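The values are calculated or read from the model by the stated rules, or taken from the named source; none is laboratory data. Just so we're clear, the structure is a prediction, and the values are computed from it rather than from any experiment. Cβ: placed from backbone, ideal geometry, glycine included. Neighbour counts: every protein chain shown.
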């Protein structure tokens with residue numbers, strides 16, 4: 001990552017409260033002092049900014065800074081955790097002593113000598129957004145507003161927003177790791193409202209990732225405005241959705257959020273360690289169509305879910321979860337990896353220093369197949385083309401889900417025809433995976449918009465898939481005869 005940004009963590013060398021190997025080692029020694037098996041330190045400094053434009057007026061602009069240290073101590077299956085919001089020696093030692101209370105007071109082992117290493121870099125913003133003045137960001141939002149209004153006279157309202165973040169972390173572990181990372185994040189949001197003959201509909205376009213302002217060289221504000229207006233105008237013509245069990249074709253890219261929610265969470269190792277996932281004890285068994293290979297890959301350049309190091313100091317790697325329909329493994333953090341007797345896969349993530357890490361997805365992908373996307377659509381007599389997903393609910397224990405679609409179309413006699421509204425997909429994640437009958441060759445990854453919540457913690461993620469045909473999904477809407 002470019003080092004030109006003026007925002008630098010106070011715990012780095014040369015800052016006001018630098019943390020070096022000697023300080024980190026002493027804190028780890030305190031954390032292990034009551035007999036813990038393992039300890040780690042998580043230093044974090046985060047700067048966030050936000051800008052919101054509504055009706056051509058900058059309604060809000062803000063910047064926030066948070067920083068602190070989280071200390072974790074593990075003793076068998078038990079974990080102690082404490083955090084502080086300053087880097088004074090007294091506060092940090094207090095956090096280490098507090099986390100150490102999880103152990104029974106026996107003699108503690110000494111931490112191993114700390115050593116860093118060069119990490120690969122999966123995000124290299126050329127123009128970090130936090131180094132760009134607010135007026136230029138306001139100008140970007142005004143460009144989006146102007147382009148949307150120019151695109152069609154039926155546009156009556158435009159809302160545009162920009163969110164940015166720089167997260168600097170430093171991790172020290174009692175098994176000898178001392179690693180740091182600087183994680184940028186950028187997201188543009190655009191929503192338009194159109195009105196025609198008393199009828200109103202909205203459309204949106206969003207994008208970003210672990211990128212800098214160069215993102216807009218390829219996806220300009222004008223491009224996003226065009227997409228949002230197109231979406232809104234399509235919805236003006238939308239008819240009520242049919243209902244019943246139908247063939248469904250998922251569009252490439254953002255449709256991967258259905259895989260993320262309905263399948264991915266069940267493959268996070270903590271749910272399987274506790275036996276609460278429907279995939280518990282199923283490694284080596286067929287859990288999906290043989291067409292399906294699912295990976296979680298934190299190494300995609302610039303993707304929203306990519307990381308150079310996880311929040312436990314483990315170097316992440318692409319992990320095959322399902323291979324040709326067979327379950328091969330789970331996403332592991334340190335705790336679950338110890339339980340299963342395997343190595344961590346680099347999926348230990350946390351929202352901030354205030355939270356302990358847990359297994360989380362990064363970029364979850366259904367790999368492409370060999371079918372031409374047009375061939376897939378042509379094979380459907382009557383079904384639904386799912387283009388954009390909205391919200392959804394999933395039961396991790398059994399994979400049952402309900403997803404709403406914000407843009408979808410009817411497929412009739414192999415052709416995409418009428419736009420639809422009020423479409424909900426209802427089903428079971430593992431069952432849907434078994435009903436995949438065709439996979440396109442047109443793999444796409446989402447354009448940096450998704451945030452995943454789990455147990456009160458939110459982290460940025462990416463999703464991706466090709467065009468996918470599912471033989472049968474229950475579609476919620478009006479009765480079949482009403483379409």
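A few notes on this one:
- Screening the candidates 56, 49 for the property of being touching a strand residue (DSSP E or B) at 6+ places or on another chain (Cβ under 6 Å) and outside the structural domain of residue 354 (by TED's automatic domain parsing) yields one hit, 49.
- All positions within segment 128-159 that are assigned to a loop (DSSP other than H, G, I, E, B) and surrounded by fewer than 21 Cβ atoms within 10 Å (Cβ to Cβ): 132, 133, 152, 153, 154
- Odd one out for residue 451 among (1) within 30 Å of residue 338 (Cβ to Cβ); (2) surrounded by fewer than 19 Cβ atoms within 10 Å (Cβ to Cβ); (3) in contact with a helix residue (DSSP H, G or I) (Cβ under 8 Å, 6 or more places away or on another chain): (3)
- Listed by position, the strands (runs of 3 or more DSSP E) contained in segment 217-326 that have at least 1 residues being over 25 Å from the mean Cα position of the chain (by Cα) are 244-250.
- The listed residue being crowded, with 22+ Cβ neighbours inside 10 Å and under 30 Å from residue 44 (Cα atoms), out of 440, 464: 464
- Residue match in segment 204-216 (condition: within 14 Å of residue 148 (Cβ to Cβ) and assigned to a helix (DSSP H, G or I)): no
- Residue count, segment 95-125 (criterion: assigned to a loop (DSSP other than H, G, I, E, B), within 32 Å of the chain's Cα centre (by Cα) and closer than 22 Å to residue 83 by Cα): 2
- Number of the condition not met by residue 471 [criteria: (1) part of a strand (DSSP E or B); (2) in contact (Cβ under 8 Å) with a residue 60 or more places away in the chain; (3) under 24 Å from residue 296 (Cα atoms)]: (3)
- Hey, residue 317 surrounded by fewer than 19 Cβ atoms within 10 Å (Cβ to Cβ) and not assigned by TED's automatic domain parsing to the domain that holds residue 404 or not: no
- In segment 334-363, the residues that are in a loop (DSSP other than H, G, I, E, B), buried (at least 22 other Cβ atoms within 10 Å of the Cβ) and touching a helix residue (DSSP H, G or I) at 6+ places or on another chain (Cβ under 7 Å): 344, 361
- Qualifying residue in segment 182-193 (condition: farther than 27 Å from residue 224 by Cβ, in contact (Cβ under 8 Å) with a residue 40 or more places away in the chain and either within 29 Å of the chain's Cα centre (by Cα) or buried (at least 23 other Cβ atoms within 10 Å of the Cβ) (or both)): no
- Residue 92 vs. criteria part of a helix (DSSP H, G or I), within 22 Å of residue 351 (Cα to Cα) and in contact with a strand residue (DSSP E or B) (Cβ under 7 Å, 6 or more places away or on another chain): yes
- Pick from segment 90-127, criterion under 22 Å from residue 179 (Cα atoms) and exposed (fewer than 12 other Cβ atoms within 10 Å of the Cβ), ranking: modelled with the highest pLDDT: 113
- Counted residues, segment 223-257 - those being over 13 Å from residue 467 (Cβ atoms), crowded, with 21+ Cβ neighbours inside 10 Å and touching a helix residue (DSSP H, G or I) at 6+ places or on another chain (Cβ under 8 Å): 5
- Identity of the residue in segment 394-441, out of contact with any strand residue (DSSP E or B) (no Cβ under 9 Å at 6 or more places or on another chain) and in a loop (DSSP other than H, G, I, E, B), that ends up farthest from residue 375 (Cα to Cα): 397
- In segment 11-43, the residues that are surrounded by 16 or more Cβ atoms within 10 Å (Cβ to Cβ) and in a helix (DSSP H, G or I): 23, 24, 25, 27, 28, 29, 30, 31
- Hey, residue 189 modelled with pLDDT of 95 or more, assigned to a strand (DSSP E or B) and touching a helix residue (DSSP H, G or I) at 6+ places or on another chain (Cβ under 7 Å) or not: no
- Of all residues in segment 46-84 being surrounded by fewer than 16 Cβ atoms within 10 Å (Cβ to Cβ) and free of Cβ contacts under 8 Å to residues at least 24 places away in the same chain, the one that is nearest to residue 148 (Cα to Cα): 57
Listed here are the residues, each with its yes/no results for (1) within 22 Å of residue 357 (Cβ to Cβ); (2) in contact with a helix residue (DSSP H, G or I) (Cβ under 7 Å, 6 or more places away or on another chain).
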position: 81; (1), (2): yes, yes
position: 89; (1), (2): no, no
position: 96; (1), (2): yes, yes
position: 117; (1), (2): yes, no
position: 131; (1), (2): no, no
position: 142; (1), (2): no, no
position: 146; (1), (2): no, no
position: 151; (1), (2): no, yes
position: 177; (1), (2): yes, no
